[in-house]
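Student: This is the structure I have questions about; it appears just below.
The values are calculated or read from the model by the stated rules, or taken from the named source; none is laboratory data. Just so it is clear, the structure is predicted and the values come from calculations on it, not from any experiment. Every residue, glycine among them, receives a Cβ derived from its backbone with ideal geometry; neighbour counts consider all protein chains shown.
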Amino acid sequence: MRILLAKCHKKTIYSKFEPAVTEPLELEYLSALLEYLQIGHRIYDPLLEGSNFLEVFKSYEPDVLLLSGYITAVDVIIEASKVAKRQNPAVKVLVGGIHAEVNYEDFCVGTIDIVFHANGLTALEKILRNGFETEILAGIEGIAYRENKKWKINGKELTDLSALPMPNRGYFEKYQSRTKYMHYSPVAIVKTALSCPYQCSFCYCKQLNGGVYNTRSIDAVIEEIRGITAEVIWIVDDTFLIDRKRIQEFIKKVKKSDIKKKFIAYSRVDFIAKNEDIIQSLADIGLVELIVGMEAVEDQMLKEYQKACSAYENLKAVGILKKHHIQLTALFIVGIDFSWKDFRNLRRWIRKMDLQSYTASIFTPIKGMAYYEDYKSRLLTHDPAKYDFLHLTLKPTRMHALSFYFQFYCIYLEQFFRSKYIRSFLLNRWRSILPFGGKHA
């Protein structure tokens with residue numbers, strides 16, 4: 001048996017600038033399982049290899065194709081399944097990933113055989129050990145599968161993080177020079193937890209793993225980091241800084257293991273505001289950047305988002321990170337009810353705080369979230385490519401769409417002119433893709 005593990009991507013406005021190119025970590029976990037089972041396989045990620053899916057499929061001739069991707073790549077995944085079935089009608093096509101986990105029905109089409117919607121690693125192992133017969137699939141939790149042209153949906157099963165293998169980073173080692181996060185390269189990514197314990201109304205990640213927050217042991221995390229050759233580690237938990245005691249254990253064991261890395265992670269503002277001593281200790285062990293979900297600069301908006309943080313904590317977090325020389329990338333949400341004054345207030349706050357790195361996302365209802373049904377009838381588009389948080393999927397309530405887009409992109413335009421950090425990144429990127437600047441490696 002030969003298995004092709006393929007990551008699917010859809011080009012967006014952000015991806016054209018490539019602020020981040022990462023290893024396909026979910027496929028590296030699957031690769032570790034396949035190594036253990038002694039099954040031949042290959043990972044394919046076009047962002048790292050630059051080759052064509054059809055060419056890879058034809059040359060590798062897999063018996064099983066497993067596709068993964070985010071919401072913007074739904075159509076890309078389905079098209080890849082069609083290409084595969086045209087080349088080999090007998091190939092088994094499987095789909096997984098964080099979008100499939102919550103919205104598996106998006107992939108219930110005739111060219112896909114199985115969709116993983118929970119605990120995919122365990123479900124895949126059971127299938128590979130026992131076979132693809134429908135009587136076997138009927139007893140495997142966490143999958144949807146086709147039987148006589150009808151889809152059967154099995155129950156969910158939570159992921160046991162203690163049973164996870166270490167990801168097989170052979171693919172990363174081969175292409176690590178092409179991975180990056182802004183000015184950092186190469187960059188390895190590490191996942192230490194699933195889901196999120198908070199209840200922010202806009203958050204998709206809290207729906208993962210059945211909505212149950214679960215963490216890996218710090219010992220397992222340290223073991224993984226020690227085996228990574230890259231200098232920069234990006235911890236990609238939705239929010240890494242949650243549990244003070246867990247972070248203290250992480251700091252202690254990084255020091256004990258004499259790990260010399262640079263770390264990037266996600267955090268909430270309230271943890272930063274309430275735990276300055278932890279932030280200082282993290283800086284001491286190599287934390288260079290925190291990506292922080294500030295979302296809004298006014299308490300009323302934060303309350304509407306059920307953020308459980310305050311505008312004052314936003315201010316305090318900015319000061320603490322500057323004091324300890326940790327780069328801040330602030331994340332904001334632009335509501336469809338924004339007025340000209342709301343845009344102005346956000347830009348003024350950014351200038352006042354002298355933020356050098358930030359992103360703004362247009363409020364976008366994602367299928368599977370509790371509020372989705374409230375907005376479903378008002379959606380302007382169902383095109384997955386438009387769900388990149390840079391396009392309007394709802395009609396603005398207080399501005400014309402063109403005026404809204406103008407105000408929205410002024411946030412980014414102002415950042416280019418104000419921020420040397422962002423300007424240098426973009427100029428370097430442009431030089432790398434323009435004919436006279438040389439091709440980006």
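Student: Checking LYS352 against (1) surrounded by fewer than 17 Cβ atoms within 10 Å (Cβ to Cβ); (2) assigned to a loop (DSSP other than H, G, I, E, B), which test does it fail?
Tutor: Among (1) surrounded by fewer than 17 Cβ atoms within 10 Å (Cβ to Cβ); (2) assigned to a loop (DSSP other than H, G, I, E, B), LYS352 violates only (2).
Student: Out of the residues in segment 121-169 that are of a type in the set (Lys, Arg) and exposed (fewer than 11 other Cβ atoms within 10 Å of the Cβ), state the one that is modelled with the highest pLDDT.
Tutor: ARG129
Every residue, every condition in (1) closer than 23 Å to MET166 by Cα; (2) touching a residue at least 60 places away in the same chain (Cβ under 8 Å); (3) not in a helix (DSSP H, G or I), yes or no:
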residue	(1), (2), (3)
SER177	yes, yes, no
ILE189	yes, yes, yes
CYS196	yes, no, yes
SER201	no, yes, yes
ASP219	yes, no, no
ILE222	yes, no, no
ILE228	yes, no, yes
ILE251	yes, no, no
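Student: Return a yes/no flag: does segment 234-247 have any residue that is under 22 Å from the mean Cα position of the chain (by Cα), part of a helix (DSSP H, G or I) and either crowded, with 17+ Cβ neighbours inside 10 Å or of a type outside the set (D, E, K, R) (or both).
Tutor: Yes, the conditions are met somewhere in segment 234-247.
Student: Right, something else. Counting just the residues of segment 66-94 that are within 17 Å of the chain's Cα centre (by Cα) and under 25 Å from GLY131 (Cβ atoms), which one comes out surrounded by the most Cβ atoms within 10 Å (Cβ to Cβ)?
Tutor: Only one residue tops the list, namely LEU67.
Student: Which residues, taken from segment 302-316, are over 13 Å from GLY335 (Cβ atoms) and aliphatic (A, V, I, L, M)?
Tutor: ALA308, ALA311, LEU315
Student: Related question: Taking interchain pairs and intrachain pairs at least six residues apart, which have beta carbon atoms under 9 angstrom, with the first residue in segment 30-45 and touching a residue at least 12 places away in the same chain (Cβ under 8 Å) and part of a strand (DSSP E or B) and the second of a type in the set (Lys, Arg) and crowded, with 22+ Cβ neighbours inside 10 Å?
Tutor: ILE43/LYS7; TYR44/LYS7
Student: Restrict the check to segment 253-262 and report whether at least one residue is of a type in the set (A, V, I, L, M), in contact (Cβ under 8 Å) with a residue 12 or more places away in the chain and closer than 27 Å to ARG418 by Cβ.
Tutor: No, that holds for no residue.
Student: Taking segment 183-227 as the region of interest, how many residues are of a type in the set (A, V, I, L, M), at pLDDT 95 or above and farther than 21 Å from LEU33 by Cα?
Tutor: Residues in segment 183-227 being of a type in the set (A, V, I, L, M), at pLDDT 95 or above and farther than 21 Å from LEU33 by Cα: 2 in total.
Student: Just the residues that are crowded, with 18+ Cβ neighbours inside 10 Å and either of a type in the set (S, T, N, Q) or not assigned by TED's automatic domain parsing to the domain that holds LEU427 (or both), please, taken from segment 177-199.
Tutor: THR179, THR192, SER195
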